[in-house]
Amino acid sequence: MRTVVSILAVSAVALGSITGGASASPTLSASAAAGPQQKVTASLIKRPSGTLAPGTTVPASEVYGNRVFIGANRGYALVQHGQAQYPAATTDGGKTWKTNGPALHVNAAQAPLAVAFIGAGGTKKIFAWGGGQVIDATPDGGAHWYRATFTGLPVAVLKNPKGHLVAFVDGQTGASSVATQYVSKDGGKTWHLDNTIGGS
């Protein structure tokens, strides 16, 4: 519960920075001065060689970070197995877990691809972010996972009342930061810059 509250608090701060009033212009980095990405198209994540196959049972002790449940028994989490992190699912309330897709991140080799949080907008839309420059998402319950790479750092991802995914991305590195909002209407395959409140 604390994790969800923390994520929502970060989202509120990010949303406030998007919709807040005028302020002094911060010093912009070269990439920020060029403006934020208008559209981000994700690529299909393929299983890296030497990693677990989807559907592999993993110990509950390897689950890390937050756990998200859709009902009493079905839930999602991230697991650390060997040198890789995977999405995982449970159908028995967390007693047993199985990988629910390919490895999302391999240690050392893929630092910008790190993910730390997982969320779900129902049993089909599952998404992971935090720690790197990516949002990994599946629109079909784990059959296919897509990786969207941003020039900034995603700080929160939520589902809005319309069922769309909304991401807040810190568009700069350094002392100043400006959060931008992206919306995906296809479960994470494509993301469009959209600064309407809560995403259209």
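Values in this text are rule-based calculations from the coordinates and carry no lab data. These figures come from a predicted structure and were not determined experimentally. Quick reminder, even Gly has a Cβ in these numbers, built from the backbone with ideal geometry, and neighbours come from all protein chains shown.
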So, in nm, how far is label Ser49 from label Asp186 when the simple model puts each one 7 Å beyond its Cα toward the Cβ? 3.1
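Based on the Kirkwood radius over alpha-carbon pairs, what is the Stokes-Einstein translational diffusion coefficient of the range 53-180 at 37 °C with 0.692 mPa s viscosity, in µm²/s? Could the numbers behind the result be given before it?
Details: Rh = 14.8 Å.
Here the translational diffusion coefficient equals 221 µm²/s.
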Nearby lysines by direct alpha-carbon distance to Lys95 (threshold 29 angstrom, same-chain neighbours under 8 apart not counted): Lys46, Lys124, Lys125, Lys159
Can you compute the FRET efficiency between Gln38 and Lys95 using 1/(1 + (r/R0)^6), with r the Cβ-Cβ distance and R0 = 45 Å? Round to the nearest 0.05. 0.50
